[in-house]
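Nothing in this text is a laboratory measurement; each read-out follows from the coordinates by a stated rule. Fair warning: this is a prediction, and the values are worked out from it, not measured in the lab. All Cβ positions, even for glycine, are placed from backbone atoms using ideal geometry, and neighbour counts span all protein chains on display.
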């Protein structure tokens, strides 16, 4: 949704508890006045970025990412950095729909299958939606300690955008024994959607990098379904990424929007065809009968097709 479609103020009111965790992990004074000031700064940051880039769509969890930059960067760098991050790194999540984000999640089962077939089979009853919250927010929603999320942001920003998929997959692989104990899909989804509190981030980052080297994105089956305008593909070359401008990002955004609209039209067309399949086949049969001058063989075949469609 766009900035005009929701009340950001209403959402920012719910950030108090998260700021208490962040401020406790920093040198800031943990006072209500300090907390109110930071909440106001967060609202200002979100509003400024989305007003300067009005084509971007707000998503639930965007404030978690903004919160990290708010605590890490000086005032003058926050909005420019958040604009760059929004347009060039998390652009796929700021499209009119989350369909591209869902496509990205398909890479996780591909990685699991390549590394651990038995774990893949165990988790195959669940769609990978359990990873949506962490990948959308660069793990800022579930990682509570300020030092941990700052370290993780360093790693994610230093590498190409798809690295977050490898980080999440590696976390799943490290929890193998725990996950195999769960048989019910609902319990599995719940467990996968929550990060363990004792996560060894340094080990996860190192192992995710090794996983990336052994199974690069282009080796995964679902990679071909990723748009060429997706951040997963436009951030692969770090040097090229450093030369991309906000205007370049906007053009890629517009290309993705056109692809989404085309896909929606195709889906609607297929739904229309399926809904009216009996009528369309009747017309086709009638045209065939006229063309073949209603031969007995064709008439019998036409009657059989009509009965099959009705059933």
*Which residues, taken from region 152-199, are in a loop (DSSP other than H, G, I, E, B) and within 25 Å of residue 69 (Cβ to Cβ)?*
159, 160, 161, 162, 193, 194, 195, 197, 199
*List every residue pair whose Cβ atoms lie under 7 Å apart, where the two residues are 6 or more positions apart in sequence or sit on different chains, the first residue falls within region 214-236 and is touching a residue at least 12 places away in the same chain (Cβ under 8 Å), and the second residue, located anywhere, is surrounded by fewer than 15 Cβ atoms within 10 Å (Cβ to Cβ).*
229/255
*Sort out which residues of region 226-273 are under 16 Å from the mean Cα position of the chain (by Cα) and either exposed (fewer than 13 other Cβ atoms within 10 Å of the Cβ) or under 17 Å from residue 87 (Cα atoms) (or both), and write them in order of number.*
227, 228, 229, 230, 231, 232, 233, 234, 235, 253, 256, 257
